[in-house]
Amino acid sequence: MQAREITEQLRELIQLDVDAVHAYDQALRALEPTPAVQGTLAEFRLDHQRHVLELSQALLRMGENPPAFSSDMKGFVLEGVTALRGLTGPEGALKAMRGNEQLTNAVYATVLAKPLPAEILAIVRRAYADEQRHLAYIESALDGRVWEGGEART
Ligand SMILES: [Fe+2]
Ligand SMILES: [Fe+2]
């Protein structure tokens with residue numbers, strides 16, 4: 001892979017993870033009535049911040065500046081960020097986040113199918129494992145539990 005293609009892939013993932021942090025910000029507000037779920041998703045938000053950090057470090061090592069992490073960044077990749085605006089209720093927030101994580105997982109899988117250098121492959125693989133865990137948890141929270149009075153019951 002050409003260096004330029006690699007840095008493009010890194011930028012795409014960084015943008016995706018920045019979007020995810022914003023989406024989690026909004027979802028966490030909607031999840032206030034369900035503290036256990038909210039706590040777990042707060043950890044997922046940190047995973048995405050770590051991905052932004054590690055992918056940005058990889059870009060810097062390739063001699064490129066990473067995109068700025070601005071809170072008013074426009075042109076979200078994740079449609080679920082928009083869907084979350086004005087949303088209330090834990091179940092709706094989880095459904096929007098399921099869509100976001102499905103897209104995130106699909107993009108990571110596409111990037112991983114490319115012939116990345118070993119060092120970058122290791123970073124992306126680790127991050128993808130986090131993404132798979134995020135999606136699995138959100139799916140189990142939606143599918144395996146009964147929503148009663150806004151709280152998920154196992
Ligand atoms: Fe990520
Ligand atoms: Fe995720």
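The values are calculated or read from the model by the stated rules, or taken from the named source; none is laboratory data. Just so you know, these numbers come straight off a predicted model, no measurement behind them. Every residue, glycine as well, gets a Cβ built from its backbone with ideal geometry; the counts of neighbours run over all protein chains shown.
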(message) For segment 95-124, give me each residue that is more than 10 Å from ligand 1 (Cβ to nearest atom) and touching a Phe, Trp or Tyr at 6+ places or on another chain (Cβ under 9 Å).
(response) MET97, ASN100, ALA109, VAL111, LEU112
(request) Please enumerate the residues belonging to segment 60-102 that are buried (at least 20 other Cβ atoms within 10 Å of the Cβ) and modelled with pLDDT of 95 or more. (result) GLU101
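Would you confirm whether or not segment 1-8 contains a residue that is within 16 Å of ligand 1 (Cβ to nearest atom) and crowded, with 17+ Cβ neighbours inside 10 Å?
no
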(request) Search segment 19-37 for residues being more than 17 Å from the chain's Cα centre (by Cα), touching a residue at least 24 places away in the same chain (Cβ under 8 Å) and not in a helix (DSSP H, G or I), and hand back the single one that is nearest to ligand 2 (Cβ to nearest atom). (result) THR34
(request) Inspect all residues belonging to segment 25-37 and state whether any of them is surrounded by fewer than 21 Cβ atoms within 10 Å (Cβ to Cβ), under 16 Å from ALA93 (Cβ atoms) and within 16 Å of ligand 1 (Cβ to nearest atom). (result) yes
